[in-house]
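Novice: I am attaching a structure below and will ask some questions about it afterwards.
FYI, it's all coordinate maths here, none of it is from the lab. Everything numeric here is computed off the predicted structure, so don't read it as measured data. Every residue, glycine as well, gets a Cβ built from its backbone with ideal geometry; the counts of neighbours run over all protein chains shown.
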Amino acid sequence: MRNVAVLGSTGSIGTQTLEIARLERDRINIVSLTAHSNVQLLVKQAREFRPTCVSITTESLRDSLKIELNGTGVEVLSAGDGLIDAATAPGVDTVVCAVVGSAGVRATMAAVNAGHRIALANKESLVVAGELIIPLARQSGAEIIPVDSEHSAIFQCLVGEDAGSIDHLVLTASGGPFRGRAADSFHTITREEALAHPTWDMGDKITIDSATLMNKGLEVIEAFWLFNLPVNQIRVVVHPQSIIHSMVAFKDGSIKAQLGMPDMKLPIQYALSFPDRWNQAHSTVDWTELSALTFEKPDLDAFPCLRLAYEAISERGFAPAVLNASNEQAVTLFLENEIGFSMIPELVERVLSDSGGEPSSSTTITLDSLSEMDSWARRRTKELCGVRDH
Ligand SMILES: NC(=O)c1ccc[n+]([C@@H]2O[C@H](COP(=O)([O-])OP(=O)(O)OC[C@H]3O[C@@H](n4cnc5c(N)ncnc54)[C@H](OP(=O)(O)O)[C@@H]3O)[C@@H](O)[C@H]2O)c1
């Protein structure tokens, strides 16, 4: 039996995790759930799964959550450290980290420190704090099993293989909704167009990241930390059908790939079931319906975010955290219709270049210095497009 904390239970990955838990009641016991703003859905989930505790990270919503759950026996944790408390609640042995953005970093660290299994969807945790999380996992014995479909694919390809026999990794990318579109028309892209992903149904932030290819850039950084390979051994290829989820090329010339329909329930379930495979029939490929699997080079001129991510992880230090924070802020501004689509990479590039002169008070990477750089990068991103800090 896995005793599971679901951080971000109201989001796309969180709700799909609970769909699996509903089908696997003999294998999955839900111990804690967290949300940020969606009280109604969190209450519904708490009534169904009866966790021991829940948390809502928006302080002003905690009272209404308490009223709604009065008499159920479900404890409502404090808003401040609620994510961390949910990740380390008594009895938890597995944490599905499905919060969006760098808000997930401290809870991921806490879960790693506790030596839990982490089913990691929140790639931003590794992008920002891979330097801290990976050594801590080695010390604590925590298992980090990726939920991102690309990293799950690579993880699955590597079962039974020696890490020394890898030549390179190939992350596949759908190319997003603007693959092939003339870059000089990107400034006209609307929020609605950018949110219409051709193959995956996901939360808003990752959907915009997929449209700019920043998502693939973040995944390159995530792969760097998860699989301990130099950046030049992590390649990206555009594969619009999203059937091959990623590949590993070995030194003898052999290539292993993992294939399946674009359905996140499979990698979520695998992160919970590993090393076993559970007998849930998720949608599978109908080969007679597939006309072709195609591949092309990513267009780094049209989609500079991927190049920026490669540069940031090659530079190391605070650069990946700055890239991530500036991108999160720019995506928020785009979703609020404050800036155009093509401003996202422009802002991230400017903020990265300005960050050289803005070291945090410490040059050592710690959670506090990372958080200082995160705040600076968000402020600078807003300043550059004339948006006032409230
Ligand atoms: N969706 C996918 O198919 C997919 C695939 C691969 C990887 N991922 C990764 O998985 C993570 C989650 O993605 P998603 O698509 O599931 O996102 P999502 O649908 O936007 O859900 C995000 C979850 O995090 C909570 N949340 C938002 N802001 C928060 C904050 N400041 N503090 C604490 N919790 C917060 C939300 O709560 P409320 O709903 O209450 O606001 C929600 O439960 C991301 O890192 C993403 O890159 C997602």
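Novice: Along the stretch 138-154, what does the Karplus equation 6.51 cos²θ - 1.76 cosθ + 1.60 (θ = phi - 60°) give for ³J(HN,Hα), rounded to whole Hz, x for Gly and Pro?
Specialist: 4, 5, 7, x, 5, 9, 9, 10, x, 9, 3, 4, 5, 6, 5, 4, 5
Novice: Which net charge results when you count Lys and Arg as +1 and Asp and Glu as -1 among the other residues whose beta-carbon is under 13 Å from that of C157? Don't skip to the end; give the middle numbers.
Specialist: Details: positive: K256; negative: E150, E161, D162, D167.
So the environment of C157 carries a net charge of -3.
Novice: What does the charge add up to near I56, with Lys and Arg as +1, Asp and Glu as -1, over the other residues with Cβ less than 11 Å from its Cβ?
Specialist: Values: positive: R62, K66; negative: E59, D63, E68.
Computed value for this residue: -1.
Novice: By counting other Cβ atoms within 10 Å of each Cβ, how are D63, D204, D252 ranked from fewest to most?
Specialist: Numbers: D63 11, D204 17, D252 7.
Taking fewest neighbouring Cβ atoms as first place, the list is D252, D63, D204.
Novice: Residue by residue through the stretch 27-44, which ³J(HN,Hα) values in whole Hz follow from phi under the Karplus form 6.51 cos²θ - 1.76 cosθ + 1.60 (θ = phi - 60°), with glycine and proline marked x?
Specialist: Per residue, the Karplus-derived 3J(HN,Hα) values read 10, 10, 10, 7, 9, 8, 9, 9, 9, 10, 9, 8, 4, 4, 5, 4, 4, 4 Hz.
Novice: Under a point-charge model restricted to the Cβ atoms of Lys and Arg (+1) and Asp and Glu (-1), what is the dipole moment magnitude of the chain relative to its Cα centre, in debye to the nearest 20? Don't jump to the answer; show the numbers that get you there.
Specialist: Values: 32 positive and 49 negative charges, 122 e Å.
For the chain, the charge dipole is close to 580 debye.
Novice: Using only Cα atoms, figure out Rg for the stretch 316-384 and give it as a multiple of 2.2 N^0.38 Å.
Specialist: Values: Rg = 11.7 Å, N = 69, 2.2 N^0.38 = 11.0 Å.
Dividing the Cα Rg of the stretch 316-384 by 2.2 N^0.38 Å gives 1.06.
Novice: Continuing with the same structure: Run the helix sum for the chain: -39,500 (n - 2.57) per DSSP H stretch of 4+ residues, divided by residue count, reported at 222 nm to the nearest 500 deg cm²/dmol. Display every interim value, and only then the final one.
Specialist: Details: 15 runs with 169 residues, N = 390.
About -13000 deg cm²/dmol.
Novice: If I take all pairs of Cα atoms in the stretch 1-109, what percentage of them are more than 22 Å from each other?
Specialist: On the way: 1139 of 5886 pairs.
Tail of the P(r) past 22 Å holds 19 percent of the pairs.
Novice: At 10 °C and 1.306 mPa s, grab the translational diffusion coefficient of the stretch 152-273 from Stokes-Einstein with a Kirkwood Rh over Cα pairs, rounded to a whole number in µm² per second.
Specialist: Details: Rh = 15.5 Å.
The estimated diffusion coefficient comes to 102 µm²/s.
Novice: In whole angstrom, how long is each semi-axis of the equivalent ellipsoid of the chain, when you take the square root of 5 times every eigenvalue of its Cα gyration tensor and sort them from largest down?
Specialist: Working: eigenvalues 179, 144, 91 Å².
Taking √(5λ) for each Cα gyration eigenvalue gives 30, 27, 21 Å.
Novice: Using modelled backbone amide H atoms (1.01 Å from N, in-plane), which distant-in-sequence or interchain residues come within less than 5 Å of A142's amide H?
Specialist: Residues meeting the criterion, in which the H sits 1.01 Å from N, are G115.
Novice: If you project the alpha carbons of the stretch 256-355 onto their three principal axes, what span does each projection cover, largest first, in Å?
Specialist: Cα extents, longest axis first: 51, 33, 31 Å.
Novice: Count charges around P267 for me, please; just the other residues with Cβ under 14 Å from its Cβ, Lys/Arg as +1, Asp/Glu as -1.
Specialist: Numbers: positive: K123, K265, R277; negative: E19, D148, E150, E219, E222, D263.
Taking every Cβ under 14 Å from that of P267, the sum is -3.
Novice: Another one. What's the Cα-based Rg to Rh of the stretch 69-221, Rh via Kirkwood?
Specialist: Numbers: Rg = 18.3 Å, Rh = 17.6 Å.
Rounded to two decimals, Rg/Rh equals 1.04.
Novice: Give me the percent of Cα-Cα pairs in the stretch 253-309 that sit more than 15 Å apart, rounded to a whole number.
Specialist: Values: 1106 of 1596 pairs.
Above the 15 Å cut-off, the stretch 253-309 has 69 percent of its Cα pairs.
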